[in-house]
Amino acid sequence: MSTNIHSDNYQSICVKDPIVESNNSHIPPIYATSTFSYEDLEAAFAFFRGENHIYTYSRFSNPSSAFLAQKIAELEACGLKDIEARGLLFSSGMSAISSTLISQLKEGDTILCQSVIYGAASDFIHTDLAAFGVHTIDNNLKDLDEVLRIIKGNPTIKIVYLETPANPTLYCVDISAISKIAHEYGIKVIVDNTFATSYIQQPFKWGADIVVYSSTKFMNGHGTGISGAAVTRNIDDHKKLFKILKNFGGHCSPFEAFLLNNGIKTLPLRINQHQHNAQMLADFLEQHDKIGKVNFLGLLSHPDYELAQEQMHGPTGMMSFELKGGLKAGMAFQENIRFCTRTASLGTADTLITHSASTSHSVVPEEIRLKNGITAGLIRCSVGLEHIDDIIKDFENALSFV
Ligand SMILES: Cc1ncc(COP(=O)(O)O)c(C=O)c1O
């Protein structure tokens, strides 16, 4: 029989589930129900007054997602002291990101935003939030004196929003340095940790206030569903976010939560293999005469190699690279990929390649894309779990057509 004995070990937290119902189901069941009957009327009414947490309605919470949200929060704070991490699950990464930002901002506030982040997040911040009177200042968050100058000169900044490593260049931001500056001015730091996951990088360790995820990616790990997560460092931020979750209605469905929990059980094992394969592929590409540049955090040539060594426990399974022949060569390469998959997502068991400028970052203005290394010939690769020989063989063959 399974038990509720708790472990502080990251891998064990990933694997173990609490017993969430009385039938001793080994795997937590999918609670396909919109409502929960009110056994104790007073307890139910107290929930609606915001005084307790019982299950009443699945737009608010559901047992299939509640334990998992807490599991993700525990992973985020694993080994760290004095953090009351709380998690919430959303219908997508974008739902987690937009809800988190809305929970923290009001008309007249400003976000200091990393210059290039995931396209839809960038679009949401620059157009949808702007429509509600929230301003944005873009900066690559690299020059700390400049960041300080911007913060000092703009007292309406309430949030620093960043994605590290960033999609698709793998540029990193020093979370600790940025958090120190931000906190001095009462500003909160939100980190999109989708590429790294808490197995590789724990933003709370470096001072971040809220961590957001597209759990569609490495956390689910198999490309079977869409979901998002947000973990707050303190209860007050959790309460603000829970209110937005209820009112905007972006709760993760029980089925998606079930898929996500299955994926998380093997997260460390998969990430280890993703990283191993990615290192081999990056070494191969860096030596290839048709490749101009490889962005991979396991290569000494990456400008953020040192920072990644300090802040992360590995290079992730993500990379991007530029062909010397630019856009034409990049297209020819993609046309001739046979074994790997051409698609815009990432973090699945199989290797995925995509052309960032026409997919994930198509909504980012060209001038900003180019300024931040997203050139017309840049190909992003999410390295999968296949045998590395097959991945390299496919790349070698596709490159021969360039
Ligand atoms: C870094 C990053 N954050 C957020 C998202 C949005 O996630 P979702 O598609 O689950 O809404 C993505 C999607 O690709 C992403 O790459």
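Quick one: how many residues across region 362-389 are under 24 Å from residue 123 (Cβ atoms) and in contact with a His (Cβ under 7 Å, 6 or more places away or on another chain)?
Looking only at that region, the number is 3.
List the helices (runs of 4 or more DSSP H) that sit entirely inside region 108-186 and contain at least 2 residues that are surrounded by fewer than 16 Cβ atoms within 10 Å (Cβ to Cβ).
144-153, 175-184
Go through region 309-364 residue by residue and tally those that are outside any loop (DSSP other than H, G, I, E, B) and either outside the structural domain of residue 287 (by TED's automatic domain parsing) or within 16 Å of the ligand (Cβ to nearest atom) (or both).
Of the residues in region 309-364, 12 are outside any loop (DSSP other than H, G, I, E, B) and either outside the structural domain of residue 287 (by TED's automatic domain parsing) or within 16 Å of the ligand (Cβ to nearest atom) (or both).
Right, residue 174: within 18 Å of the chain's Cα centre (by Cα), more than 16 Å from the ligand (Cβ to nearest atom) and closer than 25 Å to residue 313 by Cβ or not?
Yes.
Hey, among the residues in region 286-304 that are buried (at least 17 other Cβ atoms within 10 Å of the Cβ) and within 23 Å of the chain's Cα centre (by Cα), which one's nearest to residue 197 (Cα to Cα)?
297
Which members of region 202-220 meet the condition of being assigned to a loop (DSSP other than H, G, I, E, B), within 13 Å of the ligand (Cβ to nearest atom) and touching a helix residue (DSSP H, G or I) at 6+ places or on another chain (Cβ under 7 Å)?
215, 216, 218, 219, 220
Going by the structure shown, is residue 223 farther than 17 Å from residue 96 by Cβ and either surrounded by fewer than 20 Cβ atoms within 10 Å (Cβ to Cβ) or modelled with pLDDT of 95 or more (or both)?
Yes, satisfied.
Could you identify the single residue in 260, 269 that is surrounded by fewer than 16 Cβ atoms within 10 Å (Cβ to Cβ), under 19 Å from the mean Cα position of the chain (by Cα) and not β-branched (Val, Ile, Thr)?
The unique qualifying residue is 269.
Quick check on residue 360: is it within 23 Å of the chain's Cα centre (by Cα) and surrounded by fewer than 20 Cβ atoms within 10 Å (Cβ to Cβ)?
no
Name the single residue that is farthest from the ligand (Cβ to nearest atom) among those in region 221-252 being within 12 Å of residue 194 (Cα to Cα) and not hydroxyl-bearing (Ser, Thr, Tyr).
221
Looking at 122, 91 in this structure, which one is within 16 Å of the ligand (Cβ to nearest atom), modelled with pLDDT of 95 or more and in contact with a Cys (Cβ under 8 Å, 6 or more places away or on another chain)?
91
Would you point out which residue out of 283, 237 is surrounded by fewer than 16 Cβ atoms within 10 Å (Cβ to Cβ) and charged (D, E, K, R)?
Just a single option satisfies the conditions, and that option is 283.
The values are calculated or read from the model by the stated rules, or taken from the named source; none is laboratory data. Source: prediction; values computed, not measured. No Cβ is skipped: glycine too gets one built from the backbone with ideal geometry, and neighbour counts run over all protein chains shown.
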